[in-house]
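Worksheet: one structure, shown below.
The values are calculated or read from the model by the stated rules, or taken from the named source; none is laboratory data. Keep in mind it's a predicted model, so treat the numbers as computed, not measured. For neighbour counting, all protein chains shown are included, and Cβ atoms are generated from backbone atoms with ideal geometry for every residue, glycine included.
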Amino acid sequence: MGAVSFGLFDWIDERDGCSLAELYDTRIELIRAADEAGFDRYHMAEHQSTPLGMAPSPSVFLAALARETRRIRLGPLVYLLPLYEPLRLAGEIAMLDHLSHGRLELGVGRGVSPYELGYRGVDHNGTKAVFDESLDTLLAALTESTLTAGGPLTPHYEHVPVQLHPAQRPYPPLWYATTMVDSSAWAGAEGVNLMGLGPAADFRACVDAYRDAERAAAGRTDRLNGHVAQPCIGLQRQVVVADTDEEAYAIAAAGYPRFVDSYSWLWRLHGDGRTAARTDLATNHATGTMLIGSPATIKDTLNRQIDEAGVNTFALSFAWGNLTPQQSRQSLERFAEQIMPAF
């Protein structure tokens, strides 16, 4: 087994009895603790019009984090490109990279929820072409001094002067999140860092597709993420660490219903039950998509998942649902002190 890195993943979902200011403040405190404890990255999701995402502007929250942390790398996972004007987003990315002194990680994606996109006039079925066009324009705006780009689906720019460029050249490392084999192959061909969900054994097909495409593209000099020597391939996991398995499960069981409500709220609003199969605590625990237990139990589970999936990083969610800030902080500290050194 090679070296494995650990970062954080965050929805910033609603918590009962907690003001928005308190939610932001306690989350920033947790990320400062993660910075001090040696976690490598902090990834935050972008969600709109749902209690699953109470920080719908990743750039705003990441700007605050850039000034509150010193070492941990920061980034969206992902910016929903169909919702952005590419040149404006390029300016935000450049600012964030400088505000963080070159610590930005750039996640990009199409968006998984047809309802979040639909509220903003975007047809979910047409997002692949919009994503491709937007990404081309965005990367051009990050690297060129005069921008001429765009197409029929996105704004067209003609000889626009570009004053801001990122601290990291040509641009911050790219990330993509998916559980689809074809998308994983695209990420592998371009050397883009990959993050997935679901059981480790199921994700193995995505990892294999990534590695096959990566090998096939080894001679290319125009890969989008070619400036990253060793791309990350990882899995996102919710975590509760306690002294015993029983104590950890009790904590998770008390906090989880609030997370389920936020996770499925917008889908249920539209009479769509597709999220129901992904929100059963016992099933998620049994399949390893939630890491709940003592340090020894979680170490064993991680070792098994590394072998099953072939991943080299994990993005861990310590704060979700009605877990208290103290419970989240204790899980994070136990993980850093008693689990991370083994990897």
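One line per residue, one yes/no per condition, for (1) in contact with a Cys (Cβ under 8 Å, 6 or more places away or on another chain); (2) in contact (Cβ under 8 Å) with a residue 60 or more places away in the chain; (3) surrounded by 15 or more Cβ atoms within 10 Å (Cβ to Cβ); (4) within 24 Å of residue 4 (Cβ to Cβ):
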site	(1), (2), (3), (4)
256	no, yes, yes, no
261	no, yes, yes, no
266	no, yes, yes, no
273	no, no, no, no
279	no, no, yes, no
315	no, yes, yes, yes
322	no, yes, yes, no
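One residue stands out among those in the stretch 143-164 that are surrounded by 20 or more Cβ atoms within 10 Å (Cβ to Cβ) and not small (Gly, Ala, Ser): the one that is nearest to residue 227 (Cα to Cα), which is 147. Residues of the stretch 209-227 include none that is touching a strand residue (DSSP E or B) at 6+ places or on another chain (Cβ under 6 Å), among the basic types (Lys, Arg) and modelled with pLDDT of 95 or more.
Conditions (1) crowded, with 18+ Cβ neighbours inside 10 Å; (2) in a loop (DSSP other than H, G, I, E, B); (3) on the phi > 0 side of the Ramachandran plot, marked per residue:
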residue: 36; (1), (2), (3): no, no, no
residue: 42; (1), (2), (3): yes, no, no
residue: 47; (1), (2), (3): yes, yes, no
residue: 98; (1), (2), (3): no, no, no
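When residue 12 is tested against (1) surrounded by 16 or more Cβ atoms within 10 Å (Cβ to Cβ); (2) at negative phi, just one condition goes unmet, and that condition is (2).
Can you list the helices (runs of 4 or more DSSP H) found entirely within the stretch 238-343 that contain at least 1 residues being more than 19 Å from residue 11 (Cβ to Cβ), modelled with pLDDT of 95 or more and within 22 Å of the chain's Cα centre (by Cα)?
Values: elements: 245-269, 281-287, 295-309, 325-338.
Helices (runs of 4 or more DSSP H) meeting the threshold: 281-287, 295-309, 325-338.
Kindly indicate whether residue 215 is over 26 Å from residue 53 (Cβ atoms) and basic (Lys, Arg).
Numbers: over 26 Å from residue 53 (Cβ atoms): yes; basic (Lys, Arg): yes.
Yes: the conditions hold for residue 215.
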